[in-house]
Structures are given as structure tokens and as C-alpha cells.
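Contents: one structure, followed by commentary.
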Amino acid sequence: MSRKAFLLLPFALLSCHRDAPRPRNVIFILVDTLRADRLGTYGYRRDTSPNVDAFAREAVRFENARSQSSCTFPSANSLLTSRGPAAFLGQPDQAMGIPPGIPSLAEILRRHGFRTVAVSASAVVRKTPSRFNPSAGFGRGFEEFEEDCVWKSADCVNREAAAHLKRGKRPLFLYLHYIDPHGPYRPPPAWRHKFARGRPEKEWVRRGDPNPIGNWLYKGQPNPGLTPADLRYLKDLYDEEIAYFDARFAELLAALRGSGLLDDSIVVFAADHGEEFLEHGHIKHCRTLFDSSIRVPLLLKIPGADARTVSRPVQNLDIVPTLLDYLGIQAAAPFEGRSLRPLIERDASANELQYGLQDSLRSASDGRFKLIQDLVSGAVSLFDLAADPGETKDVLRRERRAYARLRGSLTAWIARDEGESGVRKAQEAEEKLRSLGYIE
Ligand SMILES: [Zn+2]
């Protein structure tokens, strides 16, 4: 040990929380299209998630977390880089990946000696081109990027992950991108009818396909005869997909435990966005910034950190700085998020806001109120999330101070992140996804 390292050692020990070892590995679990409010730990009345709930009881649970967008692109980009969604719009050929020059978590960790592995079931978060992401662009920084499970269920992701659950000389960063709750809602047979009852007449409802509703709403096709019972059935199938994932999640945790990785790993449980079931006249995702689309689960299991619930507002942008803080890695990258460590350990936080971008919509929320602005139509709405979590009543006329505060913050965020051309770039991005068939 060098003299310098020896001198630094006592301070390093002092800075550790309750003598816990510094976390060594990161296991990052991203569940595509998972609404927070469909999990028991976030108050759902149905038993969709006993294993996630048990994990949450031993983790730091953020009950007021939001994603930066309601679409995989650019929400996943923001989550993996701590850069606002606008940084990913307007790339040459409308590419959807993480452009060179914006370091991702994988790149930073690899530079610091990590073994970096991804297993992704997403057709967007890819190393190689796919129909939905012809330019790929998510592979940089990963030594291995498994793509065999695209559009496949959690047992495939777990199976691919199992080969990498080994302790090695180098610390491990393992990114697992699950897709189960994403439409079409087709849970494996053993999970069918856990919640869904009866046999709907319409074949597309039985198959858990929400696209005929999208074709009606967005493509001028006739109403497919949607009834309240049809919609309920689709929601039931969505819940069954979550219940299926939850069982596989327990298997993943058991495998992590068996490999000895759990004790010194930070485990992240996050989602890139939610899903809409006509709460606000829309279906699926990539449409709005209502909480059905952007309120997401966020659980962090950190060696040495007590289990607790954090109710202050946080956003997916905060995940990367938090991980690096706990790993003791200083990165020069200009993050937009902040480390949540002061909030986790001392309940200390600046009054941070949560920002969102989807097409021409922008939002800012302080966790109590949410302002949503349409930059094209000029429409502005303000919702009181505490009194009206379903965001059904616009309180803009009544809550003038909250409006003025959020409006000022939102305008500053747009100017900082996007400048003048922001709306045009956002619209081009949505056009691209639509032309590829990812959204209707
Ligand atoms: Zn997604």
C-alpha cells in the first residue's frame, strides 16, 4: 500500500455508512412499460407483485418518481446518461441511440474497470439495428450485449443473465431490460385468468392487442366496438403480465443471492414509462405526460443503506449520479440529475423538480403540482397531484402561485435544454417512430 493510500484509508472508512462495505457491483433492472400504481408497494389493490413488494420492503423506495418521457426513446437514453431527453432529439438520420460525446453509465463504469453486460428484450434499446431502431446505438460501453431475447418474456432474460452471474476479479455492471408489461398483453398460459375473467367476443381483446384502439384513435379507422368490459379485460391482461414478471423477478433475486452477488451489489429497479388505458383519451404510451405514462417505480437496494420510503420528488435522471456516488466514482460528465444519496441518508434535498418531454408536450412537477404545456397549441394545464392523482381537474385558475413557479422553471428548462428548435426536433422524433410502426 502506498503511503498516500495509507493516509487516506481512515477517511475512507469514516465516510462509509455504518461500516458497510462500499458497493462493488450494479445490477440494473429496467422493466419497460411498468406503471408504479400497478404494483402492491405503490398501493395497488391487486396482488400483482408480492416479490417486488418484498424487495421494496428491504430497499429505498421512492414513491414520487417520474420518467423523463413516456416513450422508450428518449426515456431510456435519459435514464442511462442523466441527460434530458432533448439531448437525443435531432440526431443525424433521426438516430435514436446515445450519441458519441454523451457518456452512458456503461461507458463510465467500463472506464473504471467494470465488466459491463446488457441483456435487452427491447427492440429499441439495441446494439444492432432493428425494425424499430434502424440505427441502434445503445451498445457503446458494453462488453457484451445480448439481443436474443428481443420481444421475449422474462424467463429468456433471466436465462441469458444467468451466464453472467459470476463474481470475477472485476466488478460487474449488469443491465437487464425486461419487456413483459409492454403490449401486446400476452401472459404465459399459467398466468392467464389470474385476473381476467370470461372469454371476450372480440378476438383482438382475447389476444391482448390494444392496437385496434390505437387505429381508431390515431388512424381514422372505425371504433372497433370497444366496450368497458373489453378495456377491463386488456387491463387485466396487463396486470397478469406484471404478475408473471414478478415471479421471474423472484427467480432472478434467488440467482443473484446464489452467486453471492447480492451482498455487495446495488440493485436498481426502475421503469422507462407507464401505460395508458384511456384515462385521458389515449392508449399505450408515447403520447402524454400524465402520471399513467410517467409515474414509475424506483427502488434502490444499497448495501449499508437502511430500507425506507422517500416521498420527495425524484426523477430517472437522478439514478446515474446516485450510483456513481455510492460507487465512489467521480465522473466529469455534465449530468442533469443529482445524487440522491443526501436524500437517502439525511433526508436532505434541494427543492428539485421533475421534468418531462413528449412530442410537443413539456411538463414540470414539484411532486405536489404538475404543469403540462403544449408548445404547439399553447395549451397549459395544472394538476394538484395530492388532491387529484388522476389529473382530471385543471386547477390553473385557482393555484396561481404554483402555476407561476412551475411555469418559470419549465421555461428555463426548455431554454437550457432545447433552445429555439426544440419543438421541431421533438416532432421529427415522433414522426420517425410513427413511420417505423412503433407508435400509430
Ligand atoms: Zn419503453
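Residues in segment 49-66 that are part of a loop (DSSP other than H, G, I, E, B) and either of a type in the set (K, R) or over 23 Å from L385 (Cα atoms) (or both): S49, E58, A59. Residues in segment 192-215 that are outside any loop (DSSP other than H, G, I, E, B) and open to solvent by 80 Å² or more (accessible area, probe 1.4 Å): E203 alone. Entry remark, segment 84-139: residues being open to solvent by 20 Å² or more (accessible area, probe 1.4 Å) and either within 19 Å of the chain's Cα centre (by Cα) or among the charged types (D, E, K, R) (or both) number 12 in total. Among the residues of this structure, V119 counts as one that is under 30 Å from D264 (Cβ atoms), outside any helix (DSSP H, G or I) and touching a strand residue (DSSP E or B) at 6+ places or on another chain (Cβ under 9 Å). Here R257 fits the description: part of a helix (DSSP H, G or I), over 15 Å from the mean Cα position of the chain (by Cα) and either modelled with pLDDT of 95 or more or not aliphatic (A, V, I, L, M) (or both). Quick one: which helices (runs of 4 or more DSSP H) sit completely within segment 263-367 and have at least 1 residues that are acidic (D, E) and either closer than 17 Å to E63 by Cα or within 16 Å of the ligand (Cβ to nearest atom) (or both)? The helices (runs of 4 or more DSSP H) meeting that bar are 291-294, 341-346. Of the residues in segment 185-205, none is within 16 Å of the ligand (Cβ to nearest atom), touching a residue at least 60 places away in the same chain (Cβ under 8 Å) and under 14 Å from D230 (Cβ atoms).
The values are calculated or read from the model by the stated rules, or taken from the named source; none is laboratory data. Note that the structure is a prediction, hence the values are computed from the model and not measured. Every residue, glycine among them, receives a Cβ derived from its backbone with ideal geometry; neighbour counts consider all protein chains shown. Accessible surface is based on the protein model in full, side chains and every heavy atom, while ligands, DNA and RNA are left aside. Shrake-Rupley method; radii C 1.70, N 1.55, O 1.52, S 1.80 Å.
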